[in-house]
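The values are calculated or read from the model by the stated rules, or taken from the named source; none is laboratory data. Not measured: the values here are computed from a predicted model. No Cβ is skipped: glycine too gets one built from the backbone with ideal geometry, and neighbour counts run over all protein chains shown.
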Amino acid sequence: MTFIPEVGGFCLLSRNEGLNLSWRNPIKIIKKFGGKLMSQQKHPKTIASSAKKSIFFQDYLKFLHLLEKRPLALTQTDNLTLKEIDAIHEVCEFDFFPRDEDDILLFPIRSEYDLRYLQHLRQLAKVSKFATKRKHKLWLSKKGKKFLQQSIEQQFILTVEMQFFYCNWLYLFPYGGRREEVLKELQFEVMNFLILLEQKALKWYDLKQITEDTAQELGITPELREGYSSIDNEDLLTSALEWIISTILEKFDLVELKTKKEKIHSWTFTKIDKIKLTLTGKYILRLFPEVDQPRPTGKMPANIPADEVDKRTNHMIKTLKLEDSITSDDIKNIIYHSPKLSGSTDLLNVIIPFANDQKQMELIVETIQTAWNYSPHQFLNNLSPHQMMLELHTGKKIQVNKPKYSSTKTKAYELITDSLPQDINIGSWGDNHWGVNLNQSFHLAESELEKIREQKDIHQAKSMIEKLLKNEPLYLPAILDLNYIYRELGYDTKANKLMEYAHSQLLHLFPNEFTPGKDTFPWSIHPNRPFLTFLLEYASHIYHLSGAKKSIPYLEKIIDLNPNDNQGVRGWLATIYLITNQPQKVIELSKKFPSDIFPELAMGKVLALYKLGKISEAQKYYQKRADFIKHLRGELVATTHKQPPQSDSPFDGVRVGSPEEAWLFWEHQHAAWDGTKGVIEWLKTL
């Protein structure tokens, strides 16, 4: 079976046309120049100066020149390979790898999606149609070759034009929610924002004042500006402006900045204080005088009618020789009932194992992408993603009816019911990755447990889960639910036996061919997740039943299986090493996660070094990471420890650097610190 990474849902909103914007009346841009393109005009010397000064623009040219020399290799999901990422990094002036003060990577780079700077370069090249994909390689197009023959002034102006009027800034924006709405408004009115700056006639403009003026000019309401954290008095308009100014405007030398230091909780940030338009910015403003408001999509791709979707889908089915088991209506009905944007991943994981070669794999990806984007979705009120984007593009509502399909299949696994294994097993997914192959009863149990969880009577829920587990004894989410119910009802012996039985059965799934230390059982393979979740719960079970020391082998096993540690096991393990007086093991664990700022591991290493008598090394290690962990030190040396109010953020998890994170760290690890003589007093001196 081929390992399929998480590739997202292929929705037009994000993965495909989400790169682009289009403007309702771009012809107004060129009227003043007698119908000639802006990039063909003679420009002042300030443009050449800014083009040479802009590191980002120079790196963009270097990226295109690298493509001119040779095509760049892509993965099966059309991302740059790690080798090519290194090659681009080598030619760029800006070091876009995230590093600490000692030039050590903060985290391992796994794909270009870890590097927004590189994404920005690729977005510009794609939207400008300078780069084209063919046979899993990225090539410089004919248009790109012509671009490289132009003068640097022409290149710079055209690049700014594409950045302003054709690139969707949301593609690069690291936040969601109302922040996206604010940014969208700002991009649509970016020229008006520059006009506000021009009114200051090259003088400094206070960011607070320009924020208020922008809100008034664009009609951005206080409700839209209101942040998620009342504690920080967060203003979403200010944060969006700061992002635009630093990510777009300053990169092209259109604005000049003055900054200031600002402290939020225990963190010190460099914030924008004042801003003014440069001569280049003023010239750009003259070039783009009368641009209408853009729509939130690029040039809309042509519609693909339902019969064409059927034709392509049937061609894929015939090529894979699946005519006897899968129909076009099956796939469309599954797409319709998918509750999430990433549902296409489920279809890919089911169908790609039938591919015999790379060409067939590409056919599957392209076909599922087309079916996904041009077929109705229940959660989009019967619209296809293409129709939804068309509504946004035109501002007109599209009337649709609920589709009728000759299929009753609503889950991807139903396509391969006949080929599912009789019993759950673990097999190779390629490249030393191993994953679970689920059987039909596991999939059926998933839907059944969702219904049981709506049951309010705990005794009734207990009986229903026990019955469910008779059909699929290894449905681990149900086992964990039943374990909880047993303990709530006081059936501790039953709960213990249940956990021991499930753990034993899970371990028996690993075949003899699986080599610990060499092979992995990664979280990125979706079917593995409930099994890794159970292993962590079992380690917790051992911790509470037999003590911290007994749980260590089980926690170490999880990290061996899933070295990326998506579950945060390393923090718990570091704390247990400390409370069981094994500081050297904390040092060894930290080597697996260099420059990690996970609270329990980062501060745990400080304590481990102290316990080993390496005081100066502990101090040096702390000082290098103080910006990330000093709020944890503050909580340790505090005289009182009160749990802060929970964040009102709509996002799950604890915010990095927050008082909540510091308090949770203290709750988990303070016993190890309190039990180490002199360490708290030493911390106070740092």
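Observations on the model:
- The helices (runs of 4 or more DSSP H) falling completely within segment 348-465 that include 1 or more residues that are without any contact (Cβ under 8 Å) to a residue 60 or more places away in the chain, buried (at least 18 other Cβ atoms within 10 Å of the Cβ) and among the aliphatic types (A, V, I, L, M) map to 358-374, 440-452.
- Within segment 206-219, residues that are touching a residue at least 60 places away in the same chain (Cβ under 8 Å) sit with their Cβ atoms under 8 Å from residues that are of a type in the set (Val, Ile, Thr) and surrounded by 12 or more Cβ atoms within 10 Å (Cβ to Cβ), at 6+ positions apart or across chains, in these pairs: LEU207/THR238; LEU207/ILE272; LEU207/ILE275; ILE210/ILE275.
- For segment 78-88, the condition of being surrounded by fewer than 13 Cβ atoms within 10 Å (Cβ to Cβ), at pLDDT 90 or above and not in a loop (DSSP other than H, G, I, E, B) holds for at least one residue.
- Among (1) surrounded by 14 or more Cβ atoms within 10 Å (Cβ to Cβ); (2) over 30 Å from GLU466 (Cβ atoms); (3) at pLDDT below 95, the one test that GLY568 misses: (1)
- Checking each residue in segment 614-634 for being modelled with pLDDT under 90 and of a type in the set (Asp, Glu) picks out only ASP627.
- If only residues of segment 485-501 that are crowded, with 16+ Cβ neighbours inside 10 Å and among the aromatic types (Phe, Trp, Tyr) are counted, the one that is farthest from ILE424 (Cα to Cα) is TYR491.
- Selected residue (only one of LEU609, LEU601, LEU561 is outside the structural domain of ASP674 (by TED's automatic domain parsing) and either crowded, with 20+ Cβ neighbours inside 10 Å or touching a Phe, Trp or Tyr at 6+ places or on another chain (Cβ under 9 Å) (or both)): LEU561
- From the options LEU545, LEU507, LEU482, residue that is in a helix (DSSP H, G or I) and buried (at least 18 other Cβ atoms within 10 Å of the Cβ): LEU482
- For segment 646-655, a residue qualifies if it is within 16 Å of GLY568 (Cα to Cα) and either in contact with a helix residue (DSSP H, G or I) (Cβ under 8 Å, 6 or more places away or on another chain) or at pLDDT 90 or above (or both), and the qualifying residues are VAL654, ARG655.
- Listing of helices (runs of 4 or more DSSP H) fully contained in segment 272-338 that carry 2 or more residues being modelled with pLDDT under 90 and crowded, with 16+ Cβ neighbours inside 10 Å: 279-287
- Single match in SER39, SER54 (criterion: among the small types (Gly, Ala, Ser), modelled with pLDDT of 90 or more, in contact with a helix residue (DSSP H, G or I) (Cβ under 7 Å, 6 or more places away or on another chain) and under 30 Å from LYS282 (Cβ atoms)): SER54
- Whichever residue in segment 466-479 is in a helix (DSSP H, G or I) and of a type outside the set (Lys, Arg) and, among such residues, is nearest to the chain's Cα centre (by Cα): PRO477
- Test result for VAL586, buried (at least 20 other Cβ atoms within 10 Å of the Cβ) and outside the structural domain of LEU498 (by TED's automatic domain parsing): yes
- Taking segment 574-597 as the range and being of a type in the set (Gly, Ala, Ser) and either in contact with a helix residue (DSSP H, G or I) (Cβ under 8 Å, 6 or more places away or on another chain) or assigned to a helix (DSSP H, G or I) (or both) as the test, the residues that pass are ALA574, SER590.
- In segment 66-77, residue surrounded by the fewest Cβ atoms within 10 Å (Cβ to Cβ) [restricted to those that are without any contact (Cβ under 8 Å) to a residue 40 or more places away in the chain and part of a helix (DSSP H, G or I)]: LYS69
- Candidates GLN123, GLN155, GLN150, GLN187, filtered to the one that is modelled with pLDDT under 85, within 27 Å of ASP253 (Cβ to Cβ) and of a type outside the set (Ser, Thr, Tyr): GLN187
- Residue within segment 610-627 that is under 33 Å from the mean Cα position of the chain (by Cα), closer than 20 Å to ILE552 by Cβ and outside any loop (DSSP other than H, G, I, E, B) present: no
- For segment 119-170, filtering for residues that are touching a residue at least 60 places away in the same chain (Cβ under 8 Å), crowded, with 18+ Cβ neighbours inside 10 Å and either in contact with a strand residue (DSSP E or B) (Cβ under 8 Å, 6 or more places away or on another chain) or among the hydroxyl-bearing types (Ser, Thr, Tyr) (or both) leaves 14.
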